[in-house]
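Comments concern the structure below.
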Amino acid sequence: MKSPLVVIVGRPNVGKSTLFNRLVGRRDSIVDDLSGVTRDRVYGESDWNGKNFKVIDTGGYVPNSEDVFETAIREQVEIAIEEADVILLMVDVRDGINPMDKEIINLLRYSEQAFFILVNKADNSKFDVDAAEFYNLGVEKIYPVSALSGRNLGDLLDDVTLEFKENEEQIEDPRLKIAIVGRPNVGKSSLVNALLGETRSIVTEIPGTTRDSIDSILKYYGEEIVLIDTAGLRKRKRVQESIEFYSNIRTLKAIGECNVAIVMLDAEFGLEKQDQKIIDEVVRWRKGLIIAINKWDLLKKDENTAHHFEKNVRDKLGAIDYAEIIFTSALTKQRIFKLIDLCKQVQGNRAKKIPTKDLNNVLLDEIEKSPPPTTPSGKEVKIKYITQVGEHYPIFAFFCNYPMHVADNYKRFLEKLIRSNFGFKGVPFTISFRNK
């Protein structure tokens, strides 16, 4: 069952990122530099009283041009209206009502979308009188809050999550869920259409609101597989940044909902910066990872082209060299069903459980040959026991005497040791260290 999506909107410097950080309980942002502008694309998970939900902070705007700046904010609100289950509009009690606040309110009021007005920076009750000014916007209720201190956020979240289902009511969907993600124009829609156009496929729409991306069911040799398509990007003419923002929301939602992500690359361009950001997000969410090099039919090739191309991609991936890589053409349907088979294999790897006895018999001998570096005070770090835990993806727990002092390079050594002995191709996993 999909978690509700809460989107935070508002003018710059009203406290959106502060609220996001408080809701998700950590600082977590994806930063992209474009023409000297730092833009946050922030996406995380939160919960309140046993109810989980996803949160997006709408960062990013184009400065130094009032028209473009205001258009960017307006378009982000329009995107939020399309995509969110609940919208949190933040305003600043110390600035009072701003013309941009009025415009955003008008968009929200006529959208029939659920929204809440947060009058931020109301650090104590003295500001509540000033906050009352925002009733002039024609709303029934406002929430004087302080994102920095957390004042009154409990009452707000009670109302925001009132219609959300409790976690125990959410039933796990046993079907394999595949997200097809990537930059615009890499062939995502073509791949989905090619998969669903085969005679062995039966297409139905999964029930959902019009704001959800359209998911489809691929009937593959008697098995139902859910395809989460992030295509359908609106061609917005006014602000390029909003196109990217819309695409990012769709991509992040899809990654959060899938088991395995197919990151599609354009064979002509290879692995670019934005592709790496999407891959990093897949790894952060510990979802299965497959990189599909699409439009392979358009390249002039010899017998070494694929080998050199794959080596170049893996070199750029660095520590994520465990990703599965496949060369496809959605246009000619080259290897598209092999791609589905590969997704099934990767999901099988995610569910794989290594017996504790096997882990210890294999890894402890290797660890004894190459022990961890000593602590800063010169004490020996001893790993005594290893076991696999984790319900949704593999987590390997290493029990030792100084868990806080295991060096990062040694963690990478242990990851490679696990992969070389037990596989887990295409699967990001976690290594944790605990007191023996």
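The values are calculated or read from the model by the stated rules, or taken from the named source; none is laboratory data. This structure is a prediction, so every number in the text was calculated from the model and none was measured. A quick note on method: Cβ atoms are made from the backbone with ideal geometry, for glycine too, and the neighbour counts reach across all protein chains shown. The accessibility values were calculated without ligands, DNA or RNA, using every heavy atom of the protein model including side chains. Shrake-Rupley method; radii C 1.70, N 1.55, O 1.52, S 1.80 Å.
What to note about this one:
- Residue count for the stretch 25-51 under the criterion of being open to solvent by less than 50 Å² (accessible area, probe 1.4 Å), modelled with pLDDT of 85 or more and not in a strand (DSSP E or B): the result is 1.
- The stretch 352-409: number of residues that are among the basic types (Lys, Arg) and within 30 Å of residue 260 (Cβ to Cβ): 3
- Filtered residues of the stretch 254-269 (kept if open to solvent by less than 10 Å² (accessible area, probe 1.4 Å) and either without any contact (Cβ under 8 Å) to a residue 40 or more places away in the chain or over 11 Å from residue 182 (Cβ atoms) (or both)): 255, 258, 260, 267
- Note on the stretch 318-346: residues that are in contact (Cβ under 8 Å) with a residue 24 or more places away in the chain, open to solvent by 50 Å² or more (accessible area, probe 1.4 Å) and within 24 Å of the chain's Cα centre (by Cα) amount to 3.
- For the stretch 399-415, the set of residues classified as of a type in the set (Phe, Trp, Tyr) and assigned to a loop (DSSP other than H, G, I, E, B) consists of 402 only.
- Search result, residues across the stretch 110-157 that are among the aromatic types (Phe, Trp, Tyr) and either open to solvent by 60 Å² or more (accessible area, probe 1.4 Å) or in a helix (DSSP H, G or I) (or both): 110, 127, 134, 135
- Pair list, Cβ < 9 Å and 6+ apart or interchain, from the stretch 424-436 residues that are on the phi > 0 side of the Ramachandran plot and in contact (Cβ under 8 Å) with a residue 60 or more places away in the chain to residues that are aromatic (Phe, Trp, Tyr) and surrounded by 15 or more Cβ atoms within 10 Å (Cβ to Cβ): 424/322; 426/322
- Scanning the stretch 390-398 turns up one or more residues that are assigned to a loop (DSSP other than H, G, I, E, B), buried (at least 16 other Cβ atoms within 10 Å of the Cβ) and under 26 Å from the mean Cα position of the chain (by Cα).
- The residues of the stretch 270-304 that are polar (S, T, N, Q) and surrounded by 22 or more Cβ atoms within 10 Å (Cβ to Cβ) amount to a single one, 294.
- Residues that are among the charged types (D, E, K, R) and over 16 Å from residue 392 (Cβ atoms), drawn from the stretch 338-360: 338, 341, 344, 357, 358
- Residue selected from the stretch 360-375 under the condition surrounded by 14 or more Cβ atoms within 10 Å (Cβ to Cβ) and among the polar types (S, T, N, Q), by the criterion farthest from residue 401 (Cα to Cα): 360
- Against the criterion of being over 21 Å from residue 282 (Cβ atoms) and either in a helix (DSSP H, G or I) or touching a helix residue (DSSP H, G or I) at 6+ places or on another chain (Cβ under 9 Å) (or both), residue 361 qualifies.
- Output for the stretch 401-423, where each listed residue is among the hydrophobic types (A, V, I, L, M, F, W, C) and either surrounded by 19 or more Cβ atoms within 10 Å (Cβ to Cβ) or without any contact (Cβ under 8 Å) to a residue 12 or more places away in the chain (or both): 406, 414, 418
- Within the stretch 96-109, the only residue that satisfies the criterion of being assigned to a loop (DSSP other than H, G, I, E, B), touching a residue at least 40 places away in the same chain (Cβ under 8 Å) and not hydrophobic (A, V, I, L, M, F, W, C) is 98.
- Tally of residues being touching a Ser or Thr at 6+ places or on another chain (Cβ under 9 Å) and either basic (Lys, Arg) or modelled with pLDDT of 90 or more (or both) across the stretch 158-180: 2
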